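The numbers here are math on the coordinates, done by the rules we state, and not lab data. Here the structure is a predicted model, which is why all the values come from computation and not from measurement. Cβ sites come from the backbone with ideal geometry, for glycine too, and all protein chains shown count toward neighbours.
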């Protein structure tokens with residue numbers, strides 16, 4: 001999509017008109033990304049995919065000039081904004097409930113296995129695990145964000161991170177094992 005690439009370049013250079021032109025071109029993909037992010041949420045979740053797209057887009061354009069390297073980089077940033085919105089939403093919901101309870105997280109073979117019907121505490125536990133992981137392994141954590149949360153395939157994620165696909169695949173296997181171990185260890189400590 002040369003129009004998207006051109007507009008991203010214009011936005012990076014500070015062209016505010018390009019911001020308004022970009023949304024109609026990327027809206028469908030952002031909505032699909034939001035639906036993927038919302039896919040693990042409970043059916044009665046009060047935040048809808050459309051609202052998530054709009055809130056994320058407003059955050060992206062409202063934070064001053066964006067430094068966008070590529071189309072994939074834009075969607076990775078949008079995905080991270082959506083993830084943060086969902087985490088903030090979960091924190092607010094927990095605050096309203098004044099507490100929580102025990103979080104049950106299934107440690108399956110893939111990261112999506114511990115996302116079914118997420119409760120706010122699960123969203124926060126996953127966010128905490130990813131933050132801990134990022135402190136030790138920032139590039140591997142970025143890969144998780146780009147691939148799992150951002151919906152980029154390994155080739156796209158590797159291109160954004162400037163690593164090979166095989167390195168990305170190794171990083172993914174390591175990250176998945178580390179995160180599952182962390183979450184299962186965290187669950188045992190809460191019992």
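One table, with the values for the structure above:
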{"read-out": "Fewest-first ranking of 21, 122, using other Cβ atoms within 10 Å as the exposure measure", "value": "21, 122"}
{"read-out": "Likely footprinting exposure, 82, 38, fewest C-beta neighbours within 10 Å first", "value": "38, 82"}
{"read-out": "Sequence of 19, 26 once ranked by neighbouring C-beta atoms within 10 Å, starting from the fewest", "value": "19, 26"}
{"read-out": "Potential extension, residue 184-residue 15 segment - 0.36 nm per residue separation minus Cα distance", "value": "56.2 nm"}
{"read-out": "Sequence ranges 140-152, 164-176, ranked by mean other-Cβ count within 10 angstrom, highest first", "value": "140-152, 164-176"}
